[in-house]
Amino acid sequence: MEISTFITLGAVAGVLVYAVAIYNHLVTLKHAVAKSWANIDVLLKQRHDELPKLVEVCKQYMGYEKDTLERIIKARSAVASARENTDIAALGAAETQLRIGLGNLFALAESYPDLKADQTFQHLQSRISGLEESIADRREFYNEAVNLNNVRIEQFPDVIIARFFNFKEAELLEFSEAEKADVDIKQLFGQ
């Protein structure tokens, strides 16, 4: 065999090894996105299970705040539906409504001393607040995994392998600006 044949075979082998390395890295990124989503999903399920307990405790003290409690239950259902369908955009919108509702509920609880003193309420409030913090942390990891995945499948030469093997762009989990706004206490108390 000629030396040019060895060079050609070496070049082809080098390109194949490089393509396999790119493919394997893209698979790793895809699974990092899935793992990050699974971590959020576990926390959403835990919070989903805790919310009815919180609403029941609050109902005992806050009978006339029915509208606030109903909004939380409605938002909880929307979150569950979006989570089950893995609809990231709908989940972001539903999460925003749920977080606003919880913020309103916790603010309203301030005017109910008996509710604030209730051990079950305190435990559930602490548990849900902890879950909210964990969801926020996991959301950050998820969005970072999504960003790494999306950047990689658009970069050359990875884009060639990504398109050939049908790697898809993942969607960021974003909440609206309304979630970040302060709760209007005066509006809650009708002042």
Checked against the positive end of the charge dipole of the chain (+1 on Cβ of Lys and Arg, -1 on Cβ of Asp and Glu, about the Cα centre), the farthest of Phe167, Gly103, Leu69 is Phe167
How high is the relative contact order of the stretch 3-188, given as a whole-number percent (alpha carbon pairs under 8 Å, six or more residues apart)? 32
Entries in Lys66/Lys116; Lys45/Lys116; Lys45/Lys66; Lys30/Lys53 that, when Cα-Cα distance is taken, lie over 29 Å: Lys30/Lys53
Which aspartates and glutamates, on any chain, are close to Lys168 with Cα under 19 Å apart, when same-chain ones fewer than 8 places away are left out? Asp87, Glu144, Glu154, Asp158
Once you have the Kirkwood Rh of the stretch 28-113 from its Cα pairs, apply Stokes-Einstein at 10 °C and 1.306 mPa s and quote D in µm²/s. 114
If you line up the long axis of helix 119-154 against the longest principal axis of the chain, both from Cα atoms, how many degrees apart are they, to the nearest 10? 20
Measure off 7 Å from each Cα along the Cα-to-Cβ vector at His31 and Phe141, then give the distance between these two points in nanometres to one decimal. 1.6
Under the 0.36 nm per residue contour assumption, what length would be gained going from the current alpha-carbon distance of Glu133 and Val12 to full extension? 38.5 nm
Can you tell me which of 88-100, 39-51 comes out highest on packing, and rank the rest after it, using the mean Cβ neighbours within 10 Å? 88-100, 39-51
To the nearest 20 Debye, how big is the dipole of the stretch 3-188 about its Cα centre, given +1 on the beta carbon of each Lys and Arg and -1 on that of each Asp and Glu? 480
Inter-site label distance for Glu154 and Glu169 at 7 Å from Cα along Cβ, in nm: 0.6
With n ≥ 4 as the cut-off for DSSP H runs, can you work out [θ] at 222 nm for the chain, using -39500 (n - 2.57) per run divided by the number of residues, rounded to the nearest 500? -28000 deg cm²/dmol
When the Karplus curve 6.51 cos²θ - 1.76 cosθ + 1.60 is applied with θ = phi - 60°, which whole-Hz ³J(HN,Hα) does each residue of the stretch 99-108 get, with x for Gly and Pro? 5, 5, x, 5, x, 5, 4, 5, 5, 5
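Every number here is computed from the coordinates shown, using simple stated rules; none is lab data. All of these numbers come straight from a predicted model, not from anything done at the bench. Heads up, the Cβs are rebuilt from the backbone with ideal geometry, glycines too, and the neighbour counts pull from every protein chain shown.
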